[in-house]
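The values are calculated or read from the model by the stated rules, or taken from the named source; none is laboratory data. None of the values given here were measured: they were computed from a predicted structure. Every residue, glycine as well, gets a Cβ built from its backbone with ideal geometry; the counts of neighbours run over all protein chains shown.
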Amino acid sequence: MALLLQTLFSATALADAGRNRSSGGSNELPSSRSAKKKKKLSAARLSSPSNPFVKHCVKLRLSSSYRRSQGSALVVGLTPIMEVCRFWQLNSGELSNIECLLLLDGMEIPEMLNLPSISIVHVSPHVIKKLSGVQSVDSTEAVALIKIPRSFYDMLGEHKEEIYPSWFPLPNRLLVLDGIQDPGNLGTLLRSSMAFRWSAVFLLPGCCDPFNDKAIRAARGASFQLPIICGSWSHLESLTRRFRMKMMGGHPENYGESSHQISVLSAALADALSSEPLCLVLGSEGEGLSHQALQSCQLLSIPMAGMFESLNVSVAGGIFLYMLQPERNSGKMFTFLLLFN
(Lines give C-alpha, C1' and ligand atoms only; values in the text may rest on other atoms or scores of the structure.)
Protein backbone atom coordinates (compact mmCIF):
# COMPACT_ATOMS: atom_id res chain seq x y z
CA MET A 1 0.00 0.00 0.00
CA ALA A 2 2.80 2.44 0.90
CA LEU A 3 4.50 1.68 -2.42
CA LEU A 4 1.30 2.38 -4.34
CA LEU A 5 0.81 5.67 -2.54
CA GLN A 6 4.42 6.60 -3.31
CA THR A 7 3.78 5.73 -6.97
CA LEU A 8 0.71 7.93 -6.95
CA PHE A 9 2.69 10.78 -5.41
CA SER A 10 5.36 10.43 -8.09
CA ALA A 11 2.75 10.42 -10.86
CA THR A 12 1.14 13.52 -9.40
CA ALA A 13 4.51 15.24 -9.13
CA LEU A 14 5.24 14.45 -12.79
CA ALA A 15 1.94 15.99 -13.83
CA ASP A 16 2.66 19.08 -11.73
CA ALA A 17 6.11 19.35 -13.28
CA GLY A 18 4.58 19.27 -16.74
CA ARG A 19 2.25 22.11 -15.82
CA ASN A 20 5.17 24.06 -14.34
CA ARG A 21 7.23 23.65 -17.52
CA SER A 22 4.38 24.93 -19.65
CA SER A 23 4.06 28.00 -17.41
CA GLY A 24 7.77 28.67 -17.10
CA GLY A 25 8.02 27.35 -13.55
CA SER A 26 10.43 24.89 -12.00
CA ASN A 27 10.44 21.33 -13.24
CA GLU A 28 12.23 19.90 -10.20
CA LEU A 29 10.78 16.66 -8.85
CA PRO A 30 10.92 15.61 -5.21
CA SER A 31 13.82 13.30 -4.41
CA SER A 32 13.14 9.64 -3.73
CA ARG A 33 14.19 10.21 -0.11
CA SER A 34 11.64 12.99 0.39
CA ALA A 35 8.95 10.92 -1.33
CA LYS A 36 9.59 8.02 1.05
CA LYS A 37 9.27 10.33 4.05
CA LYS A 38 5.94 11.67 2.87
CA LYS A 39 3.16 10.03 4.88
CA LYS A 40 0.20 11.90 3.45
CA LEU A 41 -0.67 12.69 -0.17
CA SER A 42 -1.84 16.21 0.57
CA ALA A 43 -3.80 17.81 -2.27
CA ALA A 44 -2.81 15.09 -4.76
CA ARG A 45 -5.01 14.74 -7.84
CA LEU A 46 -5.79 11.92 -10.25
CA SER A 47 -7.42 12.44 -13.62
CA SER A 48 -6.59 9.24 -15.50
CA PRO A 49 -8.60 6.01 -14.98
CA SER A 50 -5.53 4.07 -16.17
CA ASN A 51 -3.37 5.16 -13.21
CA PRO A 52 -1.89 2.11 -11.38
CA PHE A 53 -3.39 3.23 -8.09
CA VAL A 54 -6.86 3.46 -9.68
CA LYS A 55 -6.41 -0.05 -11.09
CA HIS A 56 -5.42 -1.26 -7.61
CA CYS A 57 -8.60 0.26 -6.14
CA VAL A 58 -10.82 -1.23 -8.85
CA LYS A 59 -9.28 -4.66 -8.25
CA LEU A 60 -10.07 -4.28 -4.54
CA ARG A 61 -13.70 -3.60 -5.44
CA LEU A 62 -14.00 -6.54 -7.84
CA SER A 63 -11.90 -9.33 -6.31
CA SER A 64 -12.55 -10.96 -2.94
CA SER A 65 -9.21 -12.82 -2.97
CA TYR A 66 -7.34 -9.58 -3.75
CA ARG A 67 -9.10 -7.82 -0.85
CA ARG A 68 -8.04 -10.60 1.52
CA SER A 69 -4.44 -10.57 0.27
CA GLN A 70 -4.19 -6.77 0.62
CA GLY A 71 -6.18 -6.56 3.86
CA SER A 72 -8.20 -3.61 2.52
CA ALA A 73 -11.60 -2.90 1.01
CA LEU A 74 -13.07 -0.08 -1.05
CA VAL A 75 -16.00 1.83 0.47
CA VAL A 76 -18.05 3.87 -2.03
CA GLY A 77 -20.13 6.84 -0.89
CA LEU A 78 -19.64 9.49 1.77
CA THR A 79 -22.54 8.25 3.96
CA PRO A 80 -21.16 4.75 4.70
CA ILE A 81 -17.65 6.20 5.06
CA MET A 82 -18.84 8.68 7.69
CA GLU A 83 -20.89 6.02 9.51
CA VAL A 84 -17.77 3.86 9.85
CA CYS A 85 -15.74 6.86 11.01
CA ARG A 86 -18.28 7.92 13.64
CA PHE A 87 -18.40 4.36 15.00
CA TRP A 88 -14.61 4.08 15.25
CA GLN A 89 -14.22 7.54 16.74
CA LEU A 90 -16.86 6.77 19.38
CA ASN A 91 -15.33 3.39 20.29
CA SER A 92 -11.58 3.91 19.89
CA GLY A 93 -11.14 7.63 19.32
CA GLU A 94 -9.01 7.09 16.22
CA LEU A 95 -9.38 6.58 12.47
CA SER A 96 -6.11 4.80 11.72
CA ASN A 97 -7.83 2.11 9.60
CA ILE A 98 -8.59 4.63 6.84
CA GLU A 99 -5.70 4.51 4.40
CA CYS A 100 -6.80 6.90 1.68
CA LEU A 101 -9.78 9.13 0.90
CA LEU A 102 -10.54 9.90 -2.75
CA LEU A 103 -12.81 12.90 -3.29
CA LEU A 104 -14.50 14.15 -6.43
CA ASP A 105 -13.02 17.41 -7.71
CA GLY A 106 -14.58 20.36 -5.89
CA MET A 107 -15.52 18.37 -2.77
CA GLU A 108 -14.35 19.78 0.53
CA ILE A 109 -12.50 17.47 2.88
CA PRO A 110 -14.84 16.45 5.75
CA GLU A 111 -13.51 17.91 8.98
CA MET A 112 -13.51 14.49 10.69
CA LEU A 113 -11.25 13.07 7.96
CA ASN A 114 -8.84 15.98 7.59
CA LEU A 115 -6.11 14.21 9.55
CA PRO A 116 -2.34 13.81 8.96
CA SER A 117 -2.70 10.02 8.91
CA ILE A 118 -5.19 9.98 6.00
CA SER A 119 -3.98 10.52 2.44
CA ILE A 120 -6.37 12.80 0.54
CA VAL A 121 -6.62 12.54 -3.24
CA HIS A 122 -8.94 14.55 -5.47
CA VAL A 123 -10.11 12.76 -8.62
CA SER A 124 -11.88 13.59 -11.86
CA PRO A 125 -15.46 12.41 -12.62
CA HIS A 126 -14.01 9.78 -14.98
CA VAL A 127 -11.89 8.34 -12.17
CA ILE A 128 -14.72 8.34 -9.61
CA LYS A 129 -16.92 6.44 -12.07
CA LYS A 130 -14.14 3.90 -12.62
CA LEU A 131 -13.56 3.50 -8.89
CA SER A 132 -17.23 3.17 -7.93
CA GLY A 133 -18.52 1.21 -10.92
CA VAL A 134 -21.47 3.63 -10.97
CA GLN A 135 -22.15 5.87 -13.94
CA SER A 136 -23.69 8.71 -11.96
CA VAL A 137 -21.39 10.71 -9.68
CA ASP A 138 -24.29 12.27 -7.74
CA SER A 139 -24.12 9.72 -4.91
CA THR A 140 -20.47 8.72 -5.25
CA GLU A 141 -18.61 11.88 -4.39
CA ALA A 142 -16.20 9.99 -2.14
CA VAL A 143 -14.41 6.63 -2.07
CA ALA A 144 -12.22 5.35 0.76
CA LEU A 145 -9.63 2.62 1.12
CA ILE A 146 -10.24 1.11 4.55
CA LYS A 147 -8.37 -1.72 6.24
CA ILE A 148 -10.43 -4.83 6.88
CA PRO A 149 -10.97 -4.68 10.66
CA ARG A 150 -9.64 -7.14 13.22
CA SER A 151 -13.25 -7.98 14.07
CA PHE A 152 -13.35 -10.01 10.84
CA TYR A 153 -12.20 -13.63 11.19
CA ASP A 154 -11.78 -16.20 8.43
CA MET A 155 -11.55 -19.62 10.07
CA LEU A 156 -12.17 -21.82 7.02
CA GLY A 157 -9.64 -24.63 6.85
CA GLU A 158 -8.80 -24.38 10.56
CA HIS A 159 -10.43 -25.34 13.82
CA LYS A 160 -9.31 -22.75 16.36
CA GLU A 161 -11.73 -23.32 19.17
CA GLU A 162 -9.54 -21.32 21.54
CA ILE A 163 -10.12 -18.12 19.52
CA TYR A 164 -13.80 -17.82 20.42
CA PRO A 165 -13.46 -16.05 23.80
CA SER A 166 -11.44 -13.23 22.18
CA TRP A 167 -14.39 -12.07 20.05
CA PHE A 168 -16.55 -10.75 22.85
CA PRO A 169 -17.04 -11.52 26.57
CA LEU A 170 -20.25 -13.51 26.06
CA PRO A 171 -22.15 -13.90 22.77
CA ASN A 172 -25.82 -13.34 23.52
CA ARG A 173 -27.20 -13.21 19.97
CA LEU A 174 -25.51 -14.73 16.92
CA LEU A 175 -26.90 -14.48 13.38
CA VAL A 176 -25.79 -17.31 11.08
CA LEU A 177 -26.14 -16.93 7.31
CA ASP A 178 -26.27 -20.17 5.36
CA GLY A 179 -25.48 -19.69 1.66
CA ILE A 180 -26.67 -16.07 1.32
CA GLN A 181 -25.15 -15.13 -2.04
CA ASP A 182 -26.94 -11.86 -2.81
CA PRO A 183 -24.75 -8.99 -1.53
CA GLY A 184 -27.75 -6.68 -1.07
CA ASN A 185 -29.48 -9.19 1.20
CA LEU A 186 -26.31 -9.94 3.15
CA GLY A 187 -25.51 -6.25 3.65
CA THR A 188 -29.06 -5.49 4.78
CA LEU A 189 -28.90 -8.32 7.33
CA LEU A 190 -25.60 -6.96 8.68
CA ARG A 191 -27.18 -3.54 9.06
CA SER A 192 -30.23 -4.99 10.83
CA SER A 193 -27.99 -7.03 13.16
CA MET A 194 -26.15 -3.87 14.15
CA ALA A 195 -29.38 -1.93 14.68
CA PHE A 196 -30.90 -4.60 16.93
CA ARG A 197 -27.75 -5.21 18.99
CA TRP A 198 -26.90 -8.74 17.91
CA SER A 199 -23.45 -9.83 19.06
CA ALA A 200 -21.96 -11.06 15.77
CA VAL A 201 -22.64 -12.61 12.37
CA PHE A 202 -21.35 -16.03 11.31
CA LEU A 203 -21.03 -16.74 7.57
CA LEU A 204 -21.13 -20.36 6.48
CA PRO A 205 -19.58 -21.46 3.14
CA GLY A 206 -21.48 -20.23 0.11
CA CYS A 207 -22.10 -16.71 1.43
CA CYS A 208 -20.88 -13.71 -0.53
CA ASP A 209 -17.99 -11.61 0.76
CA PRO A 210 -19.21 -9.05 3.37
CA PHE A 211 -16.69 -6.58 1.88
CA ASN A 212 -18.17 -6.84 -1.61
CA ASP A 213 -18.93 -3.25 -2.68
CA LYS A 214 -22.69 -3.89 -2.97
CA ALA A 215 -22.77 -5.61 0.43
CA ILE A 216 -20.91 -2.68 2.01
CA ARG A 217 -23.33 -0.23 0.41
CA ALA A 218 -26.37 -2.14 1.73
CA ALA A 219 -24.78 -2.54 5.17
CA ARG A 220 -24.13 1.22 5.42
CA GLY A 221 -20.84 0.64 7.23
CA ALA A 222 -21.96 -2.27 9.47
CA SER A 223 -19.40 -4.57 7.78
CA PHE A 224 -16.66 -2.63 9.61
CA GLN A 225 -18.48 -2.36 12.94
CA LEU A 226 -19.90 -5.82 13.66
CA PRO A 227 -17.80 -8.93 14.42
CA ILE A 228 -18.05 -11.19 11.36
CA ILE A 229 -16.79 -14.75 11.29
CA CYS A 230 -16.39 -17.00 8.22
CA GLY A 231 -16.32 -20.63 9.23
CA SER A 232 -17.58 -24.15 8.70
CA TRP A 233 -20.50 -25.94 10.31
CA SER A 234 -18.04 -27.65 12.72
CA HIS A 235 -16.78 -24.22 13.83
CA LEU A 236 -20.36 -23.13 14.45
CA GLU A 237 -21.21 -26.25 16.45
CA SER A 238 -18.10 -25.75 18.57
CA LEU A 239 -19.13 -22.16 19.28
CA THR A 240 -22.72 -22.98 20.20
CA ARG A 241 -21.60 -25.81 22.51
CA ARG A 242 -19.03 -23.62 24.25
CA PHE A 243 -21.51 -20.84 24.94
CA ARG A 244 -24.58 -23.09 25.32
CA MET A 245 -26.54 -21.26 22.67
CA LYS A 246 -30.00 -22.38 21.57
CA MET A 247 -30.04 -22.93 17.81
CA MET A 248 -33.06 -21.67 15.88
CA GLY A 249 -33.68 -21.60 12.14
CA GLY A 250 -35.95 -19.32 10.16
CA HIS A 251 -38.19 -21.50 8.00
CA PRO A 252 -41.49 -20.85 6.15
CA GLU A 253 -44.36 -22.76 7.74
CA ASN A 254 -45.64 -24.31 4.50
CA TYR A 255 -42.31 -24.80 2.72
CA GLY A 256 -40.69 -28.10 1.84
CA GLU A 257 -39.79 -30.13 4.93
CA SER A 258 -43.28 -30.61 6.40
CA SER A 259 -42.01 -33.48 8.58
CA HIS A 260 -40.17 -30.99 10.79
CA GLN A 261 -42.04 -29.34 13.63
CA ILE A 262 -42.18 -25.56 13.14
CA SER A 263 -42.96 -23.03 15.87
CA VAL A 264 -44.61 -19.71 15.05
CA LEU A 265 -42.83 -16.50 16.01
CA SER A 266 -44.81 -14.49 18.54
CA ALA A 267 -44.24 -11.87 21.23
CA ALA A 268 -44.81 -14.49 23.93
CA LEU A 269 -42.19 -16.82 22.43
CA ALA A 270 -39.71 -13.96 22.01
CA ASP A 271 -40.18 -12.90 25.64
CA ALA A 272 -39.62 -16.47 26.81
CA LEU A 273 -36.30 -16.53 24.90
CA SER A 274 -35.15 -13.01 25.84
CA SER A 275 -32.67 -14.15 28.51
CA GLU A 276 -31.39 -17.20 26.63
CA PRO A 277 -28.30 -17.06 24.34
CA LEU A 278 -29.59 -17.58 20.80
CA CYS A 279 -28.14 -18.58 17.46
CA LEU A 280 -30.46 -17.81 14.51
CA VAL A 281 -29.76 -19.51 11.17
CA LEU A 282 -31.15 -18.06 7.93
CA GLY A 283 -30.85 -19.85 4.60
CA SER A 284 -30.82 -18.60 1.04
CA GLU A 285 -34.05 -17.81 -0.79
CA GLY A 286 -33.39 -20.41 -3.45
CA GLU A 287 -32.30 -23.33 -1.27
CA GLY A 288 -33.55 -22.45 2.20
CA LEU A 289 -31.83 -23.98 5.22
CA SER A 290 -29.23 -26.69 4.65
CA HIS A 291 -29.82 -30.26 5.79
CA GLN A 292 -27.49 -29.70 8.77
CA ALA A 293 -29.45 -26.63 9.86
CA LEU A 294 -32.78 -28.44 9.52
CA GLN A 295 -31.50 -31.26 11.72
CA SER A 296 -29.84 -29.04 14.35
CA CYS A 297 -32.22 -26.10 14.75
CA GLN A 298 -35.61 -25.52 16.29
CA LEU A 299 -37.50 -24.19 13.27
CA LEU A 300 -39.34 -20.90 13.51
CA SER A 301 -41.75 -19.28 11.05
CA ILE A 302 -43.29 -15.83 10.66
CA PRO A 303 -47.11 -15.86 10.61
CA MET A 304 -48.41 -14.40 7.33
CA ALA A 305 -51.83 -13.71 5.83
CA GLY A 306 -52.75 -14.91 2.36
CA MET A 307 -51.09 -17.62 0.30
CA PHE A 308 -47.53 -16.27 0.27
CA GLU A 309 -44.96 -19.03 0.56
CA SER A 310 -42.14 -16.94 2.01
CA LEU A 311 -40.63 -13.47 2.44
CA ASN A 312 -37.39 -12.09 1.04
CA VAL A 313 -34.63 -13.28 3.39
CA SER A 314 -33.55 -9.75 4.35
CA VAL A 315 -37.17 -8.79 5.19
CA ALA A 316 -37.80 -12.00 7.15
CA GLY A 317 -34.40 -11.63 8.82
CA GLY A 318 -35.22 -8.08 9.92
CA ILE A 319 -38.40 -9.32 11.61
CA PHE A 320 -36.59 -12.19 13.36
CA LEU A 321 -33.72 -9.94 14.47
CA TYR A 322 -36.11 -7.35 15.88
CA MET A 323 -38.39 -9.79 17.67
CA LEU A 324 -35.53 -11.85 19.13
CA GLN A 325 -33.23 -8.99 20.06
CA PRO A 326 -31.92 -8.94 23.64
CA GLU A 327 -34.18 -7.18 26.15
CA ARG A 328 -36.84 -6.54 23.51
CA ASN A 329 -39.42 -3.89 24.42
CA SER A 330 -42.06 -1.83 22.63
CA GLY A 331 -39.92 1.29 22.77
CA LYS A 332 -37.62 -0.26 20.17
CA MET A 333 -40.40 -0.30 17.54
CA PHE A 334 -39.51 3.25 16.53
CA THR A 335 -35.99 2.08 15.64
CA PHE A 336 -37.48 -0.80 13.64
CA LEU A 337 -39.65 1.53 11.60
CA LEU A 338 -36.79 3.97 10.93
CA LEU A 339 -34.52 1.17 9.68
CA PHE A 340 -36.79 0.32 6.75
CA ASN A 341 -37.63 3.92 5.76
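For the criterion of being over 21 Å from the mean Cα position of the chain (by Cα), at negative phi and at pLDDT below 90, ASP105 fails.
Among the residues of the stretch 97-141, the one identified as over 23 Å from ARG86 (Cβ atoms), out of contact with any helix residue (DSSP H, G or I) (no Cβ under 8 Å at 6 or more places or on another chain), of a type in the set (Gly, Ala, Ser) and in contact (Cβ under 8 Å) with a residue 24 or more places away in the chain is SER124.
So if I check each of GLY71, GLY77, which one is at positive phi and either out of contact with any helix residue (DSSP H, G or I) (no Cβ under 8 Å at 6 or more places or on another chain) or in the same structural domain as GLY187 (by TED's automatic domain parsing) (or both)? Explain how you work it out, then say what you get.
Working: GLY77 fails: either out of contact with any helix residue (DSSP H, G or I) (no Cβ under 8 Å at 6 or more places or on another chain) or in the same structural domain as GLY187 (by TED's automatic domain parsing) (or both).
That would be GLY71, the only listed residue that is at positive phi and either out of contact with any helix residue (DSSP H, G or I) (no Cβ under 8 Å at 6 or more places or on another chain) or in the same structural domain as GLY187 (by TED's automatic domain parsing) (or both).
For the stretch 302-329, filtered to residues that are more than 25 Å from ALA218 (Cα to Cα) and of a type outside the set (Asp, Glu), the residue that is nearest to the chain's Cα centre (by Cα) is ASN329.
Would you call GLU253 assigned by TED's automatic domain parsing to the domain that holds PRO183, farther than 18 Å from GLN325 by Cα and more than 24 Å from the chain's Cα centre (by Cα)?
Numbers: assigned by TED's automatic domain parsing to the domain that holds PRO183: yes; farther than 18 Å from GLN325 by Cα: yes; more than 24 Å from the chain's Cα centre (by Cα): yes.
Considered against the rule, which asks whether it is assigned by TED's automatic domain parsing to the domain that holds PRO183, farther than 18 Å from GLN325 by Cα and more than 24 Å from the chain's Cα centre (by Cα), GLU253 comes out as yes.
Where in the stretch 195-279 are there helices (runs of 4 or more DSSP H), lying fully within it, with 1 or more residues that are surrounded by fewer than 15 Cβ atoms within 10 Å (Cβ to Cβ)? Talk me through it step by step, then tell me what you get.
On the way: elements: 213-219, 233-242, 267-273.
Where helices (runs of 4 or more DSSP H) fall fully within the stretch 195-279 and carry at least 1 residues being surrounded by fewer than 15 Cβ atoms within 10 Å (Cβ to Cβ), they are 233-242, 267-273.
Here is the figure for the stretch 58-111: residues that are in contact with a Gly (Cβ under 9 Å, 6 or more places away or on another chain) and hydrophobic (A, V, I, L, M, F, W, C) total 9. Scanning the stretch 201-227 for residues that are touching a Phe, Trp or Tyr at 6+ places or on another chain (Cβ under 8 Å) and more than 23 Å from SER96 (Cβ to Cβ) yields a total of 1.
Set side by side, the residues ILE146, ILE118 differ, and just one is under 26 Å from SER50 (Cα atoms), buried (at least 20 other Cβ atoms within 10 Å of the Cβ) and at pLDDT 90 or above, which is ILE146. Restrict the check to the stretch 59-82 and report whether at least one residue is at pLDDT below 95, hydrophobic (A, V, I, L, M, F, W, C), assigned to a loop (DSSP other than H, G, I, E, B) and surrounded by 14 or more Cβ atoms within 10 Å (Cβ to Cβ). Scanning the stretch 59-82, I find no residue that is at pLDDT below 95, hydrophobic (A, V, I, L, M, F, W, C), assigned to a loop (DSSP other than H, G, I, E, B) and surrounded by 14 or more Cβ atoms within 10 Å (Cβ to Cβ), so the answer is no.
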